[in-house]
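Working notes, beginning with the structure itself.
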Amino acid sequence: MYTSKISGLGYYVPENVVTNDDLSKIMDTNDAWIQERTGIKERRHIKKGDGNSTSIMGVKAAKIAIERANISKDDIELIIFATLSPDMYFPGGGVRVQEMMDMKTIPALDVRNQCSGFVYAISVADQFIKTGMYKNILVIGSENHSGGLDMSTRGRGVSVIFGDGAGAAVLTRSDKEGKGILSTHLHSEGAHAKELSLEGPSTEHWVPEIIAENPQENIPYYPYMNGQFVFKNAVVRFSEVINEGLQANNLSASDINMLIPHQANLRISQFVQKQFKLSNDQVYNNIQKYGNTTAASIPIALTEAWEKGKIKEGDLIVLAAFGSGFTWGSAIIRW
Ligand code: UT7
């Protein structure tokens, strides 16, 4: 059977830096609260007119990843695009990327698994490569949160956390056993779907209905998060799914060279780090600079870690994510 390896990585974030102090000018929040509760110092927001969108940022990240994989866009046989913030309600981001990059009539698939989107997407890509169906797959995670957040004090529990950006990876067929993606582990628990959600506009909350109801509280066209409930579930599920991946490969936490957790909250990453007794060198965090970029957070962090030389041939890399759905997952990779 074939295995898949990550042969190229890239990321893109908008230039516009939004600091905690910037936010405190438009809502009742402050740098101390945000840093203490989340670790975030600043994030990037698309600026109207800067030419970015979810798909455009995805394209920028993808071009870098394809170049680093040393292949051409015409070698890509499948696009998998993970996002919760597509340019349009339909069609998805995958076909937009295909059009913008002038790619052949290859299939394009969108993944709707929020913060776990990238882990789900590489798991899907891995299966297609393992079966021999495709050799090179482009996986993108991209998010444009900023335009859809409630930037008033009412929304501060959510809006200070999220940022915009994109990351991409090329997965390539390999025949080296014991290297590349060793396994992926996916879960979901729909019972908690509403605990972190954006209800409308959707088929449950069409625009005329929203306007007619004109709700003052709990406005369904802004994201809602039951922060403490999500936090409590996140720390448990992160640990479970990392353990599941390690056990499936007869590995232990001490074998991990680099854990790249989805950048949900620095406190969550630090909690997981402590549970697995990992040193600071064994966990990569960049939420301080970018906030939580949902499906983009792991590929951005993975690319940055790789660019800084923190990921070397033969290293054991663990990706882990948890988020809306609830959905969660891990990927165990021998680089
Ligand atoms: O990526 C997907 C997965 N997402 C997550 O994993 C997020 C998980 N949850 C969290 O990260 C945390 O729950 C938050 C960072 C969202 C919130 O932190 P918290 O420590 O759980 O705070 P809280 O929601 O319990 O709020 C504490 C207080 C409240 O005030 P009172 O009721 O104690 O007077 C909030 O109104 O902090 C207030 N607050 C704020 N104050 C200043 C909430 N947001 C803010 C803010 N600035 N931005």
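Output yes when any residue across segment 270-279 is within 20 Å of Gly58 (Cα to Cα), in a helix (DSSP H, G or I) and either within 16 Å of the ligand (Cβ to nearest atom) or under 18 Å from the mean Cα position of the chain (by Cα) (or both), and no when none is. Looking for residues that are within 20 Å of Gly58 (Cα to Cα), in a helix (DSSP H, G or I) and either within 16 Å of the ligand (Cβ to nearest atom) or under 18 Å from the mean Cα position of the chain (by Cα) (or both), one finds none in segment 270-279, hence no. State whether the residues of segment 221-236 include one that is over 22 Å from Trp33 (Cα atoms), away from the ligand (no atom under 15 Å from the Cβ) and of a type outside the set (Ser, Thr, Tyr). The answer is no; no qualifying residue exists. Kindly establish whether Ser183 is in a helix (DSSP H, G or I), at pLDDT 95 or above, of a type outside the set (A, V, I, L, M) and open to solvent by less than 60 Å² (accessible area, probe 1.4 Å). Against the criterion (in a helix (DSSP H, G or I), at pLDDT 95 or above, of a type outside the set (A, V, I, L, M) and open to solvent by less than 60 Å² (accessible area, probe 1.4 Å)), Ser183 does not qualify. Looking across Ala296, Ala248, one residue alone is within 18 Å of the chain's Cα centre (by Cα) and modelled with pLDDT of 95 or more. It is Ala296. Residues of segment 201-257 that are of a type in the set (Gly, Ala, Ser) and either over 20 Å from Gln114 (Cβ atoms) or assigned to a helix (DSSP H, G or I) (or both): Ala212, Gly227, Ala234, Ser239, Gly245, Ala248, Ser252, Ala253, Ser254.
Output the residues belonging to segment 192-220 that are more than 16 Å from the ligand (Cβ to nearest atom), within 22 Å of the chain's Cα centre (by Cα) and not charged (D, E, K, R). First the steps, then the outcome.
Initial filter on segment 192-220 (more than 16 Å from the ligand (Cβ to nearest atom)): 199-216, 219-220.
Adding the requirement that they be within 22 Å of the chain's Cα centre (by Cα) leaves 199-200.
The one that is more than 16 Å from the ligand (Cβ to nearest atom), within 22 Å of the chain's Cα centre (by Cα) and not charged (D, E, K, R): Gly200.
Filtering segment 101-130 to residues that are loosely packed, with under 15 Cβ neighbours inside 10 Å and farther than 17 Å from Leu186 by Cβ leaves Asp102, Lys104, Thr105, Pro107. Among Ser55, Ser7, which is the only one that is away from the ligand (no atom under 16 Å from the Cβ), in a helix (DSSP H, G or I) and of a type in the set (S, T, N, Q)? Answer to the check: Ser55. Restricting attention to segment 91-99, does a residue exist that is in contact with a strand residue (DSSP E or B) (Cβ under 9 Å, 6 or more places away or on another chain), among the basic types (Lys, Arg) and crowded, with 16+ Cβ neighbours inside 10 Å? Yes, the conditions are met somewhere in segment 91-99.
Can Phe118 be described as within 14 Å of the ligand (Cβ to nearest atom) and modelled with pLDDT of 95 or more? Working first, answer last.
Numbers: within 14 Å of the ligand (Cβ to nearest atom): yes; modelled with pLDDT of 95 or more: yes.
Here the answer is yes, as Phe118 does meet what is asked.
Okay, residues lined up against (1) within 16 Å of the ligand (Cβ to nearest atom); (2) more than 18 Å from Leu266 (Cα to Cα); (3) outside any strand (DSSP E or B); (4) in contact (Cβ under 8 Å) with a residue 24 or more places away in the chain:
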| site | (1), (2), (3), (4) |
| --- | --- |
| Asn285 | yes, no, yes, yes |
| Ser297 | yes, no, yes, yes |
| Ile300 | yes, no, yes, yes |
| Trp306 | no, yes, yes, yes |
| Ile311 | no, yes, yes, yes |
| Ile317 | no, yes, no, yes |
| Ala321 | yes, no, no, yes |
| Ala331 | no, yes, no, yes |
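Please tell me if Ala125 is closer than 23 Å to Glu304 by Cβ, of a type outside the set (S, T, N, Q) and either at pLDDT 95 or above or within 15 Å of the chain's Cα centre (by Cα) (or both). Full working, then the answer.
Numbers: closer than 23 Å to Glu304 by Cβ: yes; of a type outside the set (S, T, N, Q): yes; either at pLDDT 95 or above or within 15 Å of the chain's Cα centre (by Cα) (or both): yes.
Yes; evaluated as a whole, the condition is true for this residue.
Against the condition open to solvent by 10 Å² or more (accessible area, probe 1.4 Å) and either in contact with an Asp or Glu (Cβ under 7 Å, 6 or more places away or on another chain) or free of Cβ contacts under 8 Å to residues at least 40 places away in the same chain (or both), how does Lys25 come out, does it pass? Yes: the conditions hold for Lys25. Just so you know, in segment 13-52 the residues that are in a strand (DSSP E or B) and hydrophobic (A, V, I, L, M, F, W, C) include one that is farthest from the ligand (Cβ to nearest atom), and it is Val17.
The values are calculated or read from the model by the stated rules, or taken from the named source; none is laboratory data. Note that the coordinates shown come from a computational prediction; the quantities given were computed from them, not determined experimentally. Reconstructed Cβ throughout: ideal geometry from the backbone, glycine too, with neighbour counts over all protein chains shown. SASA here: full protein model, heavy atoms, side chains in, ligands and nucleic acids out. Shrake-Rupley method; radii C 1.70, N 1.55, O 1.52, S 1.80 Å.
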